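To start, the structure itself, in structure tokens.
The values are calculated or read from the model by the stated rules, or taken from the named source; none is laboratory data. Since the model is a prediction, treat every value here as computed from it, not as a measurement. With ideal geometry, Cβ positions are generated from the backbone for all residues, glycine too; neighbour counts draw on all protein chains shown.
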Amino acid sequence: MSRLEVNNLLEVKNLRVDLPVEAGTLHAVRGIDFHVERGEMLCLVGESGCGKSMTSLALMGLLPRKSRLSADHLQFDGIDLTTLSERRRSDLRGARMAMIFQEPMTALNPAYTLGNQLCEGLIRHRGVSRQEARERAIYLLERVGISAAKDRLNQYPHQLSGGLRQRVMIAMALMCEPDLIIADEPTTALDVTIQAQILRLLRELQQEFGTAVIFITHDLGVVARIADRVAVMYAGEVIESAPTPALYANPAHPYTRGLLSCIPAPGKTPPGSRLQAIPGVVPSLVGHVEGCAFRNRCPQAQPTCEQTPPLMSLPGDHRARCHYADRPVPVPLQPEMSS
Amino acid sequence: MGTFIVRRILVAMSVALTISIVSFMLLHLSGDLATSIAGPEATAEQVEQIRVDYGLDRPIVNQYLDWLSGALTFDFGRSYYYQSTVIDLIVDRMPITLTLGGLALALAVGISIPLGVLAALKRDTWIDRLALLFAVVGQAMPSFWFGLTLIVVFAVTLQWLPAAGSDGWQHFVLPAIALGYYATPAMMRLTRTGMLEVLESDYIRTARAKGLRTGSVIFKHALRNAIIPVVALAAVELGFMLGGSVVIESVFSLNGLGQLAWDAISRNDYPVVQAVVLIIALFYIVLTLLADVANAALDPRIRTR
């Protein structure tokens, strides 16, 4: 391990998550590598079922009971998470790594006041008094843009709208000043107008508090642009990762290119034209997957793609898992026109 | 919360009034009361005399209003069979029934909730299976048979506890176990199912993501939500134990309300039947009210509805 890697807040090498299902074993996460630097925002992009949520739960140590996790390397600030006892793990959760979930409507306990739920983590981890915890909760509620914060502490979740609840969740994640926040599609369940507000808020807070953020989304359009780096997941693998400008300028993997072409661009996409889509469906991850998982949907698939592609390094911290990431695709075999 | 309780009390009172009307009518529709009081050998004149003496010749609405105005001051008239007022009989029998029902419920709650939580936490292990076996046995076994078994083992063979009577606390141990075990399986299963459901919920994941201790996640966040249906069930179970424990009361020769009602029905002692039906209905109403208030205290969403 080089010196540089030690400085990373989160270091993930060959992370695998398997889930037993009726038909066999579902390989939800199939050996992914990525890292998160201190204070940066990494966006994990992929469609439903690509393993992005399982990855986040694996990092938090909140995987479903029957799942199995393995990794060559899973380090958070130099702490090996794979060998940590559940008790030590829970000391980290909420204190140094926090999570914001997709569904603000159900993520808060209906039976307790917001104040109670905001404060309990801080009281548990820092041993502060209830009064101190309430003061911090009021400060953070105001910071995430909730008016009459003091009165809100005595309200129950059902008295708040979805957007407000998600703001509360963000404040809750910030209570202990964590080094890392994992936000799992925090805006997906919200109205579009609220989405933009929440997104902007998260970015602001991330820069203000210097918190590293893993932002999980299926939206390569607007959302991913706020990140410092983007990692694209497909079928349980990271198939491309790059600094955000590089990814948008030079997408190296055909899947990334496909995703980008699906986004209608104002001024570029003619009105009334058909929206792009990637044909086909994600392969089943039950059982062993041979070769490139995307080849059945790939417009440039070659016989070589039957073999599992290596992770190719491109200039500028850009990586892609494609045989042809760094070279042109051979000319497709055209049927002879004249013979 | 205040208006919630007031509203519930008004509803409860109208339910009580309805029950008193329905039970009064049913009793009077079940046949000619004068004939059944007089017995099969009575002459027509004797039956008429009884009808006049007991006021059964007057319009039924007047009879009901008279009875109701008495009932409002706890005057349910005199028993036809015992030489005492109905209210004295009830006051005399009530403590036995309350003691038995209270002990049985305490036992049932004390066993079913911890066992249900444990079974849910240890889902699909031998502990869970054992808890389910305990529940199935409790549901399958008739309570009179279990009561008799307890008597045979603990009263006759081991001679640890008395088999019959109601003089001291020892007399209530076996009947409370028999009655409590009857109420345990449903509550245990409901606790287990509720816990399993709640433990899968998003807010439990949030609580765990906050790094809360396991005890706090289970008892503060999960149990409080899982217990809400159990509270309502416990109220119904206690109502049953207070009103319907006739079988257990007769197996253990406890002279409670159930026994009184049973005797009164077989002796055509209508004022007693009428009063006991109302009292038992009131038990249910009060318990349901208490369960509603308890649930509102547990779940803020109910309060503001």
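Worth a mention:
- A:R130 meets all of the listed conditions (1) modelled with pLDDT under 90; (2) more than 12 Å from chain B (Cβ to nearest Cβ); (3) surrounded by fewer than 21 Cβ atoms within 10 Å (Cβ to Cβ) but one, namely (1).
- In segment A:83-105, the residues that are within 7 Å of chain B (Cβ to nearest Cβ) and of a type in the set (S, T, N, Q): A:S90
- Filtering A:P110, A:P104 for residues that are more than 23 Å from A:R126 (Cβ to Cβ), buried (at least 22 other Cβ atoms within 10 Å of the Cβ) and in contact (Cβ under 8 Å) with a residue 24 or more places away in the chain leaves a single hit, A:P104.
- Selection from segment A:143-170 of residues that are within 13 Å of chain B (Cβ to nearest Cβ) and either touching a Cys at 6+ places or on another chain (Cβ under 6 Å) or buried (at least 19 other Cβ atoms within 10 Å of the Cβ) (or both): A:Y156, A:P157, A:L160, A:R165, A:Q166, A:V168, A:M169, A:I170
- In this structure, A:L108 does not qualify as outside any loop (DSSP other than H, G, I, E, B) and either away from chain B (no Cβ under 13 Å) or of a type outside the set (V, I, T) (or both).
- Options B:L17, B:L33, B:L27, B:L10: the member that is under 23 Å from the mean Cα position of the chain (by Cα) and within 22 Å of B:Y81 (Cβ to Cβ): B:L27
- Filter result for A:A231 (more than 14 Å from chain B (Cβ to nearest Cβ), buried (at least 16 other Cβ atoms within 10 Å of the Cβ), in contact (Cβ under 8 Å) with a residue 24 or more places away in the chain and within 25 Å of A:I123 (Cβ to Cβ)): no
- Here the condition is being of a type outside the set (S, T, Y) and in contact (Cβ under 8 Å) with a residue 24 or more places away in the chain; of B:A71, B:A34, B:A42, it holds for B:A71 alone.
- Options B:A226, B:A275: the member that is surrounded by 21 or more Cβ atoms within 10 Å (Cβ to Cβ) and closer than 18 Å to B:R78 by Cα: B:A275
For (1) touching a helix residue (DSSP H, G or I) at 6+ places or on another chain (Cβ under 7 Å); (2) without any contact (Cβ under 8 Å) to a residue 40 or more places away in the chain; (3) of a type in the set (V, I, T), each residue gets a yes or a no:
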site	(1), (2), (3)
A:L44	yes, no, no
A:C50	no, no, no
A:S53	no, no, no
A:M60	yes, no, no
A:R65	no, yes, no
A:S70	no, no, no
A:E86	no, yes, no
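- Qualifying residue in segment A:108-122 (condition: touching a Cys at 6+ places or on another chain (Cβ under 9 Å) and over 30 Å from A:L220 (Cβ atoms)): yes
- Selection from segment B:191-223 of residues that are more than 7 Å from chain A (Cβ to nearest Cβ), surrounded by fewer than 20 Cβ atoms within 10 Å (Cβ to Cβ) and hydroxyl-bearing (S, T, Y): B:T193, B:T214, B:S216
- Only residues that are of a type in the set (A, V, I, L, M, F, W, C) and closer than 22 Å to B:L118 by Cβ were counted across segment B:233-272, and they come to 2.
- Counted residues, segment A:192-219 - those being within 25 Å of A:N8 (Cβ to Cβ), buried (at least 22 other Cβ atoms within 10 Å of the Cβ) and of a type in the set (A, V, I, L, M, F, W, C): 6
- When A:P303, A:P279, A:P243, A:P271 are checked against the criterion of being over 14 Å from the mean Cα position of the chain (by Cα), closer than 25 Å to A:P328 by Cα and free of Cβ contacts under 8 Å to residues at least 12 places away in the same chain, A:P303 stands alone in meeting it.
- Complete set of residues in segment A:172-192 that are modelled with pLDDT under 90 and out of contact with any strand residue (DSSP E or B) (no Cβ under 9 Å at 6 or more places or on another chain): A:A189, A:L190, A:D191, A:V192
- Filter result (in contact with a Phe, Trp or Tyr (Cβ under 7 Å, 6 or more places away or on another chain) and more than 24 Å from A:A133 (Cβ to Cβ)) within segment A:161-213: A:D184
- Matching entry among A:L220, A:L199, A:L247 (being at pLDDT 85 or above and farther than 19 Å from A:D33 by Cα): A:L199
- Elements of type helices (runs of 4 or more DSSP H) in segment B:1-119, at least 3 residues being more than 26 Å from B:V251 (Cβ to Cβ) and of a type in the set (S, T, Y): B:2-29
- Matching entry among A:A246, A:A173 (being assigned to a helix (DSSP H, G or I) and touching a Gly at 6+ places or on another chain (Cβ under 6 Å)): A:A246
- Single match in A:L190, A:L201, A:L140 (criterion: under 24 Å from A:M54 (Cβ atoms), away from every other protein chain (no Cβ under 13 Å) and not polar (S, T, N, Q)): A:L190
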